[in-house]
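Accompanying notes for the structure given below.
The values are calculated or read from the model by the stated rules, or taken from the named source; none is laboratory data. Since we're looking at a predicted model, the values are computed, not measured. A quick note on method: Cβ atoms are made from the backbone with ideal geometry, for glycine too, and the neighbour counts reach across all protein chains shown.
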Amino acid sequence: MCDQTFLVNVFGSCDKCLKQRALRPVFKKSQQLSYCSICAEIMATDGLHENETLAALKSEAESLKGKLEEERAKLHDVELHQVAERVEALGQFVMKTRRTLKGHGNKVLCMDWCKDKRRMVSSSQDGKVIVWDSFTTNKEHAVTMPCTWVMACAYAPSGCAIACGGLDNKCSVYPLTFDKNENMAAKKKSVAMHTNYLSACSFTNSDMQILTASGDGTCALWDVESGQLLQSFHGHTADVLCLDLAPSETGNTFVSGGCDKKAMVWDMRSGQRVQAFETHESDINSVRYYPSGDAFASGSDDATCRLYDLRADREVAIYSKESILFGASSVDFSLSGRLLFAGYNDYTINVWDVLKGSRVSILFGHENRVSTLRVSPDGTAFCSGSWDHTLRV
Amino acid sequence: MAQDLSEKELLKMEVEQLKKEVTNPRAPISKTGKEIKDFVEAQAVNDPLLKGIPEDKNPFKEKGACVIN
């Protein structure tokens, strides 16, 4: 078949119209077929139509985007910091590292707090997932995953289980047991299956459902007990790197951010995208809902963090400085939403005043890039995990 | 998955989605910004990281004998 040249005339039945004609080899989606000259002509013009419709779709998409921007611009009557002009400025902040948790053998990639405000789970590149008591710095549980680069971990709302995943393309749930004789790995349950690495996972309000984000460009909602896929969310055109669920009072939505520079808000029940924001200039590494649920912040490789207001449907603030050149890997709000903590790849943590848009403080201490950052559930502290193998509270 | 669909199908989905989004209800920033500010001011009283915690209530304070302030 591969030896056929265009000069060879084969006589036989056309693959399309099945009539007996002189045939030409024709390539459709990298498959070789034999068409008669009439069908070959038709296919050539179809191809032209195909391109036309593609171009038509592209221009339609562009014009719709333009229209969207116009609608959004109409509401841009005032800047957030102008609204906040009369708010008292924040004084000097002194934040100290109170605890340093050592024990991971390699880069810490992700961490999450337990609702009891003292326990945390963290995962690292070497496949270890550790549950710590942050008050005493004791390690309560440790599991070794069968894969490396465990990029996502989450604590269940009940405090009885943890979920984690990474290069194994799955999200596994481990029930936590205090029985010394039980092997945690034996009770492992594989819940999610993706076709690429797992980048983020989070339990919903109950222990029974998990939301995952993956390098395959999709997010998915799973039932923990049966492992069944309840809903999948398509729309990102590149790896999805992060997700965050809306605070429970405001409803069933979540926001995701990805390598396509877009942040998207989804309805969990219908699987539909509700809003999309495309103002970042590079991969979005982290998204976090504002405590009121009406806005969310994102941290990106373009060295900025941005605040998007969901009801105004636009970006309302950018947190950046010319001196900050490295990407923000992780962001979280303080309890009131006045402060935004962001961990950067230049080993620092910047604290921003959300309303005024100015930087309040820089925290030094880590010896390598800060990969993950979470404020504790009661707001008394925040924990940062870093590639220097430690976590700091 | 995003990679499995042809460019044309992806664009079609995008166009459908954008058509829906153009009609989303929106509010001006003067209103929503004010709501964010009000929320913050109301919650700021309870925010430990904002106003600091007295040492005796801080669950993370070091238990050493010597504390340098």
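So which of A:191, A:131 is among the hydrophobic types (A, V, I, L, M, F, W, C), touching a residue at least 40 places away in the same chain (Cβ under 8 Å) and surrounded by 20 or more Cβ atoms within 10 Å (Cβ to Cβ)?
It is A:131.
How many residues, within region A:285-301, are over 15 Å from residue A:202 (Cβ atoms), away from chain B (no Cβ under 12 Å) and part of a strand (DSSP E or B)?
Total satisfying the criteria: 4.
Could you grab me the full set of residues in region A:131-170 that are of a type in the set (A, V, I, L, M) and either under 21 Å from residue A:212 (Cβ atoms) or not assigned by the TED database to the domain that holds residue A:106 (or both)?
A:131, A:143, A:145, A:150, A:151, A:152, A:154, A:156, A:161, A:162, A:163, A:167
Between A:90, A:57, which is of a type outside the set (S, T, N, Q), crowded, with 17+ Cβ neighbours inside 10 Å, at the interface with chain B (Cβ under 9 Å from one of its Cβ atoms) and outside any loop (DSSP other than H, G, I, E, B)?
Going through A:90, A:57 in turn, the sole match is A:57.
Looking at region A:113-122, which of its residues are more than 13 Å from every other protein chain (Cβ to nearest Cβ) and not in a strand (DSSP E or B)?
A:114, A:115
Residue-wise test of (1) surrounded by fewer than 20 Cβ atoms within 10 Å (Cβ to Cβ); (2) among the aliphatic types (A, V, I, L, M).
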{"position": "A:145", "(1), (2)": "no, yes"}
{"position": "A:158", "(1), (2)": "yes, no"}
{"position": "A:167", "(1), (2)": "yes, yes"}
{"position": "A:178", "(1), (2)": "yes, no"}
{"position": "A:184", "(1), (2)": "yes, yes"}
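When you scan region A:123-156, how many residues do you find that are more than 20 Å from residue A:205 (Cα to Cα) and either in a loop (DSSP other than H, G, I, E, B) or within 21 Å of the chain's Cα centre (by Cα) (or both)?
Residues meeting the conditions: 17.
Here's a check for you: in region A:319-341, which residue that is within 14 Å of chain B (Cβ to nearest Cβ), in a strand (DSSP E or B) and of a type outside the set (Asp, Glu) is nearest to residue B:50 (Cα to Cα)?
If we take residues in region A:319-341 being within 14 Å of chain B (Cβ to nearest Cβ), in a strand (DSSP E or B) and of a type outside the set (Asp, Glu), then A:339 is nearest to residue B:50 (Cα to Cα).
If I filter region A:99-112 down to residues being buried (at least 16 other Cβ atoms within 10 Å of the Cβ) and either of a type in the set (Gly, Ala, Ser) or in a loop (DSSP other than H, G, I, E, B) (or both), which single residue comes out as farthest from the other protein chains (Cβ to nearest Cβ)? Lay out the reasoning, then the answer.
First, the residues of region A:99-112 that are buried (at least 16 other Cβ atoms within 10 Å of the Cβ): A:99, A:101, A:103-104, A:107-112.
Checking the rest, the ones that are also either of a type in the set (Gly, Ala, Ser) or in a loop (DSSP other than H, G, I, E, B) (or both) come to A:99, A:103-104, A:107.
Numbers: A:99: 6, A:103: 18, A:104: 20, A:107: 24 Å.
Here the answer is A:107.
For region A:366-393, how many residues are within 20 Å of the chain's Cα centre (by Cα) and in a strand (DSSP E or B)?
The qualifying residues number 10.
Tell me which of these residue A:331 doesn't satisfy, since it passes every other one: (1) farther than 26 Å from residue B:14 by Cβ; (2) buried (at least 23 other Cβ atoms within 10 Å of the Cβ); (3) at pLDDT below 90.
Only one criterion is unmet by residue A:331, namely (3).
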